[in-house]
Structure formats: C-alpha cells, structure tokens
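Contents: one structure, followed by commentary.
The values are calculated or read from the model by the stated rules, or taken from the named source; none is laboratory data. Since the model is a prediction, treat every value here as computed from it, not as a measurement. Cβ coordinates were reconstructed from backbone atoms using ideal geometry, including for glycine residues, and neighbour counts include every protein chain displayed. Note: areas computed on protein heavy atoms with side chains; ligands, DNA, RNA excluded. Shrake-Rupley method; radii C 1.70, N 1.55, O 1.52, S 1.80 Å.
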Amino acid sequence: MIKAILIFNNHGKPRLIRFYEYFAEDLQQQIIRETFHLVSKRDDNVCNFLEGGSLIGGSDYKLIYRHYATLYFVFCVDSSESELGILDLIQVFVETLDKCFENVCELDLIFHMDKVHYILQEVVMGGMVLETNMNEIVGQVELQNRMEKSEGGFSAAPARAVSAVKNMNLPEMPRNINIGDINIKVPSLSPF
C-alpha cells in the first residue's frame with residue numbers, strides 16, 4: 001500500500017504532499033525534511049529504492065523515487081508493493097502531467113494544484129492504485145475540463161456577475177434610498 005506521495009524541488013520545498021496514513025502536521029514536516037535529506041544526497045547512478053526514514057517506519061517501508069529536472073517524485077510504500085511497479089507508476093504519473101500541462105514544470109504544480117490533485121486521484125486513491133493507463137487518465141481529465149467549462153464554474157462567476165449588472169436595464173440610478181428612518185443619498189457616479 002502507498003503510505004505517502006511527496007513531490008519537492010531540488011531545494012526541499014514541497015510541491016505536492018499526500019499522506020494516506022495519519023501523521024500529525026509537525027511529524028509530516030519532519031518526514032518531508034528527512035525524506036528530502038535521504039533522497040537528495042544520493043548519486044544519480046544508484047538505484048531509486050531505499051529504506052524509509054526512521055520517522056515513517058524504517059525498514060518496514062521503502063522510498064521509491066524518480067528525479068526529473070528540478071523535481072523529486074517520492075512514493076513511500078510498505079513491503080507489499082513492487083519497487084518496479086511503483087517506478088512505472090511514477091513514470092505514468094509524470095507522463096500524464098506532461099500530457100495535461102504540455103511540458104509540465106514546477107510552476108504548473110504550484111499554480112494548478114487542484115488539477116494536479118485531480119490527476120493524482122485518478123491514479124491513486126486511499127493509498128491504492130486505481131489506474132495505470134495514461135490514456136484513460138487523460139480522458140477523465142479532459143472530461144472533467146469539459147464539464148467545468150459547460151457549467152461555467154467559479155472562474156466564470158465574476159464575468160457572469162458583471163454581465164448581470166449590465167443587463168439590469170435600470171432607467172436611472174436612484175438618488176435617495178429610504179429605509180425606515182434612514183435616508184441615504186447616493187452620490188452621482190457619472191464622470192460629467
């Protein structure tokens with residue numbers, strides 16, 4: 001079972017953190033630091049598997065990672081998972097991100113966090129692998145994008161509000177508003 005998925009840059013800044021087992025927030029931060037320290041000090045010519053750090057389970061867990069450009073993709077798994085299977089899963093996840101973002105980079109993970117989490121949920125949910133077919137994952141992401149566009153979503157709300165106000169067809173702006181004993185004078189909004 002997958003216990004955690006961590007993506008951080010070359011400087012140790014987390015870009016995506018997903019724990020599938022409960023850890024207190026301060027312990028999560030320590031796990032991220034320890035994992036970065038363990039993974040970043042390794043040479044590029046050694047294998048991509050190592051024992052989990054002392055905070056996340058020691059020898060009972062394995063850290064399986066890939067280093068692409070400025071990002072480390074680290075999956076923490078228990079002994080029931082295949083190392084080569086997880087390496088392949090990381091490759092599928094990265095290629096899916098690359099296809100969805102057209103040459104994915106660190107900034108895509110920062111500015112499109114919701115979409116990245118959606119893609120990750122198509123691949124892994126609750127620590128279990130759901131889908132490994134990149135075409136299926138991309139198809140679901142495209143379907144989600146079409147649904148968001150057809151519904152307008154939250155991103156279209158400001159434009160719809162402005163359009164609604166413009167279409168109100170008020171004959172003239174009210175000059176005085178009377179609410180019970182309260183009398184409000186509305187200032188002139190015209191520039192002339």
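Evaluate the range 56-78: report whether one residue or more is at pLDDT below 90 and open to solvent by less than 20 Å² (accessible area, probe 1.4 Å). Within the range 56-78 (the criterion being at pLDDT below 90 and open to solvent by less than 20 Å² (accessible area, probe 1.4 Å)), the answer is yes, since at least one residue qualifies. Looking at the range 10-26, is at least one residue open to solvent by less than 60 Å² (accessible area, probe 1.4 Å), farther than 21 Å from Leu107 by Cα and not aromatic (Phe, Trp, Tyr)? There is at least one residue in the range 10-26 that is open to solvent by less than 60 Å² (accessible area, probe 1.4 Å), farther than 21 Å from Leu107 by Cα and not aromatic (Phe, Trp, Tyr). None of Asp88, Asp98 is at pLDDT 90 or above, open to solvent by less than 70 Å² (accessible area, probe 1.4 Å) and within 23 Å of Val141 (Cα to Cα) except Asp98.
Against the definition (within 21 Å of the chain's Cα centre (by Cα) and open to solvent by 40 Å² or more (accessible area, probe 1.4 Å)), how does His37 come out, yes or no? I'd like the intermediate steps shown before the answer.
Numbers: within 21 Å of the chain's Cα centre (by Cα): no; open to solvent by 40 Å² or more (accessible area, probe 1.4 Å): yes.
No: the conditions fail for His37.
In this structure, is Asn178 modelled with pLDDT of 65 or more and within 30 Å of Asp88 (Cβ to Cβ)? No, not satisfied. Selection of first residues in the range 122-150 that are in contact (Cβ under 8 Å) with a residue 40 or more places away in the chain and of second residues that are part of a loop (DSSP other than H, G, I, E, B) and exposed (fewer than 13 other Cβ atoms within 10 Å of the Cβ), restricted to Cβ pairs under 7 Å at least 6 apart or on distinct chains, gives the following pairs, ordered by first then second residue: Val124/Leu130.
Quickly run through the range 105-116 and pick out the residues that are touching a strand residue (DSSP E or B) at 6+ places or on another chain (Cβ under 9 Å) and surrounded by 13 or more Cβ atoms within 10 Å (Cβ to Cβ). Explain how you work it out, then say what you get.
Within the range 105-116, the first condition is being touching a strand residue (DSSP E or B) at 6+ places or on another chain (Cβ under 9 Å), and the residues that meet it are 105-106, 109-110, 113, 116.
Cys105, Glu106, Leu109, Ile110, Val116, listed by residue number.
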